Amino acid sequence: MAPLKRLRADLSTGKNLEICLTALIALVVGVLGVFDIVDTKVVGAATPATLALVTVNALGLTSASRE
């Protein structure tokens, strides 16, 4: 399945929303940082926050697979 079709299917069914949201946040903060629209402090603060979201999601998937 093509990535865009899978993304569309996930969004329409509500699956993996946290992954899509995390990717969107990372993309927006990255683009804003590249074009110097936001301060580097904002990018620096958003980076660990985004990594925390990825970690929480990974831990959730790991514990869900054990059940």
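The values are calculated or read from the model by the stated rules, or taken from the named source; none is laboratory data. From a predicted model like this one, the values you see are computed outputs, not experimental measurements. With ideal geometry, Cβ positions are generated from the backbone for all residues, glycine too; neighbour counts draw on all protein chains shown. The protein model used for the area step is the full one, side chains on, heavy atoms only, and it has no ligands, DNA or RNA in it. Shrake-Rupley method; radii C 1.70, N 1.55, O 1.52, S 1.80 Å.
Just a few scattered comments:
Matching residues to (1) hydrophobic (A, V, I, L, M, F, W, C); (2) in contact with a helix residue (DSSP H, G or I) (Cβ under 7 Å, 6 or more places away or on another chain):
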site: 4; (1), (2): yes, no
site: 8; (1), (2): no, no
site: 12; (1), (2): no, no
site: 22; (1), (2): no, yes
site: 34; (1), (2): yes, no
site: 43; (1), (2): yes, yes
site: 53; (1), (2): yes, yes
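- Single unsatisfied condition, residue 44 versus (1) within 23 Å of residue 56 (Cα to Cα); (2) part of a loop (DSSP other than H, G, I, E, B): (2)
- Candidate set from segment 1-41 (those that are touching a Leu at 6+ places or on another chain (Cβ under 8 Å) and in contact (Cβ under 8 Å) with a residue 12 or more places away in the chain); member that is farthest from residue 60 (Cα to Cα): 25
- Looking across segment 1-38, the residues that are among the β-branched types (Val, Ile, Thr) and either over 20 Å from residue 54 (Cα atoms) or open to solvent by 80 Å² or more (accessible area, probe 1.4 Å) (or both) come down to 13, 34, 37, 38.
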